[in-house]
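**Q** Below: one structure in structure tokens.
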């Protein structure tokens, strides 16, 4: 921080004058031009201090809850990781991979940590014990202690269901997952919660159309076949990610179902391959690049500008309408109504 002495020297006035001007002493008889010169000097010096800080080369820890193999199963986190690492490289910052096993001693020299994925309460407490600026991506465990970048799941799921119901679908299924992190503590998926809260008041929530398993393509495949074999096939399925949607595609084709004529499908994430599926997948686009890049900037701001107020950034999503949803000509009836 610039001192009063520094400001006085730059403005060409006494230290006493600077002190009284900055404290808005109404009894001080000084020209407006002098006051302006003092305020400008203070601002310029503070800017110079900030710029000097920004030349510092940070070391940023990265904590990925997903393994490389899991990233390939669900490229959402792969895209975020690439964005983080690309931004760190562009800014000339060092990277250090960290884990739940790290301690404050092992993280000496690390300026802040970016955490991506899902974390149990136990792991969050361990992260908090490090005493570092922390940014969580995709979760907000404690806004009093950590920065966070999260998806607006209420808006995203609402937009998906607005679209499906607007296309005449009343029998809508959900194929998703629930995290089971290393400690065995389950973490509920917000998409499932928002799905239920949207459909329940409309009388369109059918528990028999919901299947939960790991967030992998093979589980999308397995769970859709279960729906089919149980005779609880909805007219549309919303999946928690595009990888699960790909599994649903494969199961549907094996079962002789046509997409979207027999079954409409909506994914989530808009991974790079979604538009190349046959037919191209309607899905909710998440801005993974922005999330990764902005996390680095939040760490930078926290460290270099000494920000001590925690910030939560909520990122909207946008529906990418392609060819995997059919418009129903008449309102669908439930099996009970048909029977």
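The values are calculated or read from the model by the stated rules, or taken from the named source; none is laboratory data. Please read all numbers here as calculations on a predicted model, not as lab measurements. Don't worry about glycine lacking a Cβ; one is built from the backbone with ideal geometry, like all the others, and counts go over all protein chains shown.
**Q** Within the stretch 320-339, can you find the residues that are at pLDDT 90 or above and crowded, with 16+ Cβ neighbours inside 10 Å? Give the steps one after another, and end with the answer.
**A** Here is the first cut: in the stretch 320-339, the residues at pLDDT 90 or above are 320-327.
Correct list: 320, 322, 324, 325, 326.
**Q** Does residue 87 meet the test of being under 30 Å from residue 267 (Cβ atoms), crowded, with 16+ Cβ neighbours inside 10 Å, modelled with pLDDT under 85 and touching a helix residue (DSSP H, G or I) at 6+ places or on another chain (Cβ under 8 Å)? Step through it out loud before you land on a result.
**A** Working: under 30 Å from residue 267 (Cβ atoms): yes; crowded, with 16+ Cβ neighbours inside 10 Å: yes; modelled with pLDDT under 85: no; touching a helix residue (DSSP H, G or I) at 6+ places or on another chain (Cβ under 8 Å): yes.
Taking the combined requirement at face value, the residue does not satisfy it.
**Q** Mind checking which residues of the stretch 178-204 are modelled with pLDDT of 95 or more, surrounded by 13 or more Cβ atoms within 10 Å (Cβ to Cβ) and out of contact with any strand residue (DSSP E or B) (no Cβ under 9 Å at 6 or more places or on another chain)?
**A** Of everything in the stretch 178-204, those that are modelled with pLDDT of 95 or more, surrounded by 13 or more Cβ atoms within 10 Å (Cβ to Cβ) and out of contact with any strand residue (DSSP E or B) (no Cβ under 9 Å at 6 or more places or on another chain) turn out to be 194, 197, 198.
**Q** Identify the single condition in (1) crowded, with 21+ Cβ neighbours inside 10 Å; (2) in contact with a helix residue (DSSP H, G or I) (Cβ under 6 Å, 6 or more places away or on another chain); (3) free of Cβ contacts under 8 Å to residues at least 40 places away in the same chain that residue 265 does not satisfy, given that it satisfies every other one.
**A** Answer for residue 265: the failing condition is (3).
**Q** Then there's this: Which residue is surrounded by the fewest Cβ atoms within 10 Å (Cβ to Cβ), if the candidates are limited to the stretch 268-284 and must be modelled with pLDDT of 95 or more and touching a strand residue (DSSP E or B) at 6+ places or on another chain (Cβ under 6 Å)?
**A** Out of the qualifying residues, it is 282.
**Q** When you go through 64, 93 one by one, which is the residue that is surrounded by fewer than 22 Cβ atoms within 10 Å (Cβ to Cβ) and within 14 Å of the chain's Cα centre (by Cα)?
**A** Details: 93 fails: within 14 Å of the chain's Cα centre (by Cα).
Result: 64 is the single residue among 64, 93 that is surrounded by fewer than 22 Cβ atoms within 10 Å (Cβ to Cβ) and within 14 Å of the chain's Cα centre (by Cα).
**Q** Taking residue 162, is it within 16 Å of residue 292 (Cα to Cα) and modelled with pLDDT of 95 or more?
**A** So residue 162 fails the test.
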